[in-house]
Amino acid sequence: MFKSKELSSLLAEELKNGNQIAEKSSWPPKCETLILLKNRFTEKYESNNLVCREIKDSHYWYAEYSTIDESECLACK
């Protein structure tokens with residue numbers, strides 16, 4: 001679902017761990033692909049090619065991993 005191999009791998013791991021996709025969309029102006037998971041991430045992931053942020057905003061999401069250029073994002077509620 002992602003062009004980024006790192007985000008695709010992270011998504012696959014989350015789905016394997018029982019998390020589910022709640023929504024798939026874009027988040028203009030930068031993010032072409034946004035996937036929002038139903039639950040919080042099941043573990044913390046390390047990657048030099050991704051940026052991890054805790055948003056903690058109940059209107060949007062709790063945390064996210066995005067590509068450095070922010071063109072793709074995997075977030076969790």
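The values are calculated or read from the model by the stated rules, or taken from the named source; none is laboratory data. These numbers were taken from a predicted model, which means no experiment stands behind them. Neighbour counts are summed over all protein chains in view; Cβ atoms, including those assigned to glycine, are modelled from backbone coordinates with ideal geometry. With ligands, DNA and RNA removed, areas are computed over all heavy atoms of the protein, side chains included. Shrake-Rupley method; radii C 1.70, N 1.55, O 1.52, S 1.80 Å.
A few comments on the model shown:
- Placing a label point 7 Å from the Cα of T42 along the Cα-to-Cβ direction, the residues of the stretch 2-25 with a backbone N closer than 16 Å are 8-22.
- Rounded accessible area of I68 (nearest 10 Å², 1.4 Å probe): 110
- Given charges at beta-carbon only (K, R positive; D, E negative), |dipole| of the chain in Debye: 200
- Solvent exposure of the chain, expressed per residue, is 64 Å² of accessible area, with all protein chains present and a 1.4 angstrom probe.
- Working note: 222 nm ellipticity from helices only, DSSP H runs with n ≥ 4, each -39,500 (n - 2.57), summed and divided by the residues of the chain, gives -5000 deg cm²/dmol to the nearest 500.
- Each Cα pair under 8 Å and six or more residues apart adds its separation to the average, and for the chain the resulting relative contact order is 31 percent.
- Among the listed values (i) 4.5; (ii) 5.5; (iii) 6.1, the one matching mean projected area of the Cα convex hull in nm² as calculated from this structure is (i).
- On the chain, 47 percent of the accessible area sits on carbon and sulfur atoms, based on a 1.4 Å probe.
- These residues, W27, W61, go from largest to smallest accessible area, 1.4 Å probe, as W27, W61.
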